Amino acid sequence: MKYYAPHYYAEFRCIANACRHSCCIGWEIDIDAQTREKYRNVSGAMGKALAENIVEGDPAHFRLRADERCPFLCDDGLCRLILTLGEDSLCQICADHPRFRNFFSDRTEIGLGLCCEAAAALIFGKKDRFHLLGMGEDGACVEVLSAQEEEFFALRDALFAILASEAPLDVRMNQILAELGISPLGRTLGEWCDIYLGLERLDAAWTERLLRLPSAEILPLPAWESEFSSLLAYFLYRHLAGALDEACFSADFAARAAFSVLSVQIIRALFAGGEQTLSELIEISRLYSSEIEYSEENLQTILDCLREGE
Ligand code: SF4
């Protein structure tokens, strides 16, 4: 098995109590069976706290407080489980976040999700062009992929080659769509706004930003080409692989590429209409990611719109 991750991956560090939008607030956190068993053996005050703050089920999960904070998130933003029992005490989801994985028959690709502001800062901050690095000590082993996976990597490489060219980002995005035979995304920003407003929404700050979309413009923003190129690389890397799970690989691959381009256009339009700073770009991207990428239902609704080309 080969493991790959983007060039910035190894530099990721959770910023814990410096994080303005901790992933320990607002998300239901499932506890894997092995960790649940480990927690049963914790004694003393911490054992009692664990017993009181876990809801049993398949899987069990932490009982969020009324303000939606994880019961083990201290007021200073640090994790009481880490402080008391050490980092190894975390359940799989907490230890893993914000990492995501795409699995192939003989390769696993890992990435960092944009819903985490520390990950977003890395994705935008590293100026080298997106590329993957092998991880681990298996450099010599030969990778065995299925025929469809071979096709997938050839197609993806072609899109990343377009993305790596020197042409303006808008030209590259149109070339990517043309390569896959997709016509331009077919709706105005106002129409996309209505579709996004029809999705499940978690944060009022996202709704507030979405409502600005109809009056926004898609501007090239030359000073931010590098950041938006990195953003497109992120979406392509994260989402294209999902096409391998679908019955109609080619159509889904094209829809996922279109989703990547659409996501960049929406984030760029929202960004262009406001304060153009890196922290604002991180915030809009973080919101978009939490609301769209981390809801399978929302993601599928957008993909369906793009598949139908309505
Ligand atoms: S969102 Fe990212 S930086 Fe913030 S607490 Fe979670 S992992 Fe750490």
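Quick one: dipole size for the range 151-252, taken about the Cα centre, charges +1 on Lys/Arg Cβ and -1 on Asp/Glu Cβ, in debye to the nearest 20. Could you put the intermediate results ahead of the total?
Working: 7 positive and 16 negative charges, 32 e Å.
Around 160 debye, computed over the range 151-252.
In this Cβ point-charge picture (+1 for Lys and Arg, -1 for Asp and Glu), the range 24-96 has a dipole of about 300 debye about its Cα centre.
In a Gaussian network model over the chain where Cα atoms closer than 10 Å are linked, find which of Gly198, Gly57, Gly181 has the largest mean-square fluctuation. Sorting by GNM fluctuation, first place goes to Gly57.
Relative contact order of the range 143-308: 26 percent, from C-alpha pairs under 8 Å at least 6 residues apart in sequence. Sites count as exposed loop sites when they are trypsin sites (Lys or Arg not before Pro), lie in a DSSP loop, and have at most 14 other Cβ atoms within 10 angstrom; the longest stretch of the chain without one is 213-310. Dipole magnitude for the chain: computed about the Cα centre from +1 point charges on Lys and Arg Cβ and -1 point charges on Asp and Glu Cβ, it is near 680 debye. Summary value for the range 24-96: 38 percent relative contact order, contacts being C-alpha pairs under 8 angstrom separated by 6+ residues. Which residue, Ser43, Ile25, Pro71, has the largest displacement toward the positive end of the dipole of the range 24-96 when charges sit on each Cβ (Lys, Arg +1; Asp, Glu -1)? Farthest along the dipole direction, towards plus: Ser43. Taking a ≥ b ≥ c as the square roots of the eigenvalues of the alpha carbon gyration tensor, the range 90-223 is oblate, as a/c is not under 1.5 and a/b does not beat b/c. Between the range 115-173 and the range 16-82, what is the C-alpha centre distance in whole Å? That distance is 35 Å.
Which of Thr277, Thr84, Thr301 has the fewest other C-beta atoms within 10 Å, and how do the rest follow up to the most? Intermediate values should be presented prior to the final figure.
Values: Thr277 10, Thr84 14, Thr301 17.
So the residues, fewest neighbours to most, are Thr277, Thr84, Thr301.
Summary value for the chain: 20 percent relative contact order, contacts being C-alpha pairs under 8 angstrom separated by 6+ residues.
Values quoted throughout were computed directly from the atomic coordinates according to the rules given, and no laboratory measurement underlies them. Everything numeric in this text was worked out from a predicted model, so none of it was measured. Don't worry about glycine lacking a Cβ; one is built from the backbone with ideal geometry, like all the others, and counts go over all protein chains shown.
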